[in-house]
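Only the coordinates and a few stated rules stand behind these numbers; no lab work does. All of these numbers come straight from a predicted model, not from anything done at the bench.
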């Protein structure tokens, strides 16, 4: 089976889990980010320009992401596991 979007594999998040997840900082709901946004973020990862909220460079490509309802922060998904840590959130200011 071919892998979509530059080698990323499809993300599988249980719908029940997604329904109870929220931003750990604001408690706003989160939803799956679309492939176009994840692709833009991965382009920034490959250029070495993407930083997380903790001001650290994001060095591993994202499999997907959960985007906060206000569309300001994305929490990465790696190997179908959402990384719901405040400092791991990726600010989306320049990707809006």
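Overview of values
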| item | result |
| --- | --- |
| Potential lengthening between residue 71 and residue 56 on full extension [0.36 nm per residue; Cα-Cα distance subtracted] | 3.4 nm |
| If the convex hull is drawn through the Cα atoms of segment 4-95, its volume per residue in Å³ | 85 Å³ |
| Percent RCO, i.e. relative contact order, over the chain, from Cα pairs under 8 Å lying at least 6 residues apart | 27 percent |
